[in-house]
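Worksheet: one structure, shown below.
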Amino acid sequence: MSNEHATVAEEEYLQTLFWLHEAGLPMTGANTARAMQLSAPTVHEMLGRLERDGYITRDAERAIAFTATGQQHAEDIVSRHRLIERFLTDVLGIPWDEVHEEAERLEHAMSPVLEERMRAAIGDASTCPHGHPIVAGARIEGVPLADVAEGAQIRILRFENEAEDLLHYLKAAGVEPGHAGTMRTSGDAEVTIELDGRECTVTRSVAETVSVLADPSPPPRTALPEQLVLAKERYGR
Ligand SMILES: [Zn+2]
Ligand SMILES: [Zn+2]
């Protein structure tokens, strides 16, 4: 049976599944549980509901796929989330490390009319303030900052993990999507880059979550599931 209106909880799950899908990670219950930092039984129950409501299918190996309806719903909610974040930073002037959780709350309650007005208000901005494309499918592939060789030219593409404590950390470190510079030192514990004349240092585990374009570029590699924590709960670093 297909349900026209996903619940807030269903939308949260569809959103997480879409993030996994976008990052090239297998859509499985285990990865969903990791990304949402929820227990396996909780996730299992909700995935059953999403399946019954016609948003996903699961094969014998428990691999999850979107139905056409599910994919559309997931794209809609993710796009709305990123649009709201861009509106909050560009129109309301809220710092980019403070908009993710606000968007999490607003994204479920917005009318199509308000969404249209917000779209008009952000002008030609094509990503959220953390570098994710507002239109699904427009993602530019990058490599983890942690993989880049010393001396390489880099441009910050996006933060793969939008947990707010991590965003606060990146902001304090001076790392921002769109900024360009050079990889200075890449050590076991820390990575130091120069961005627009400033030195910025982040831990290696944080550098795993920052996607960049690099020249020369290391080979592409998908993120690790535990790095895609979308909830506000702690991010281990
Ligand atoms: Zn966000
Ligand atoms: Zn964002």
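Tabulated data for the structure shown
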item: Candidate set: segment 90-112, residues that are modelled with pLDDT under 95 and away from ligand 1 (no atom under 12 Å from the Cβ); chosen: the one least open to solvent (accessible area, probe 1.4 Å); result: Met110
item: Count of residues meeting criterion [out of contact with any Leu (no Cβ under 8 Å at 6 or more places or on another chain), surrounded by fewer than 18 Cβ atoms within 10 Å (Cβ to Cβ) and under 27 Å from Ala74 (Cβ atoms)] in segment 138-163; result: 3
item: Yes/no for Val78 being touching a residue at least 60 places away in the same chain (Cβ under 8 Å) and either assigned to a helix (DSSP H, G or I) or touching a helix residue (DSSP H, G or I) at 6+ places or on another chain (Cβ under 8 Å) (or both); result: yes
item: Some residue of segment 136-151 being within 13 Å of ligand 1 (Cβ to nearest atom), part of a loop (DSSP other than H, G, I, E, B) and under 20 Å from the mean Cα position of the chain (by Cα); result: no
item: Hits in segment 113-135 - residues which are within 12 Å of ligand 1 (Cβ to nearest atom) and hydroxyl-bearing (Ser, Thr, Tyr); result: Thr127
item: Selection within segment 138-163 - more than 16 Å from ligand 2 (Cβ to nearest atom) and either modelled with pLDDT under 95 or under 13 Å from Val210 (Cα atoms) (or both); result: Glu141, Val143, Pro144, Leu145, Ala146, Asp147, Val148, Ile154, Arg155
item: Tally of residues being under 21 Å from Glu11 (Cα atoms) and either within 12 Å of ligand 2 (Cβ to nearest atom) or open to solvent by less than 50 Å² (accessible area, probe 1.4 Å) (or both) across segment 113-137; result: 9
item: Complete set of residues in segment 55-66 that are in contact with a Leu (Cβ under 8 Å, 6 or more places away or on another chain) and assigned to a strand (DSSP E or B); result: Ile56, Arg58, Ile64, Phe66
item: Complete set of residues in segment 50-89 that are closer than 25 Å to Ser111 by Cβ and open to solvent by 70 Å² or more (accessible area, probe 1.4 Å); result: Ala68, Gln72
item: The lone exception for Pro177 - which of (1) assigned to a strand (DSSP E or B); (2) crowded, with 20+ Cβ neighbours inside 10 Å it fails; result: (1)
item: Unique match (being closer than 25 Å to Arg158 by Cα and either more than 16 Å from ligand 2 (Cβ to nearest atom) or in a helix (DSSP H, G or I) (or both)) among Thr16, Thr42, Thr69; result: Thr16
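The values are calculated or read from the model by the stated rules, or taken from the named source; none is laboratory data. These figures come from a predicted structure and were not determined experimentally. As a convention, Cβ positions derive from the backbone with ideal geometry for all residues, glycine included, and neighbour counts pool all protein chains shown. In case anyone asks, the SASA skips ligands and DNA or RNA and just uses the protein heavy atoms, side chains included. Shrake-Rupley method; radii C 1.70, N 1.55, O 1.52, S 1.80 Å.
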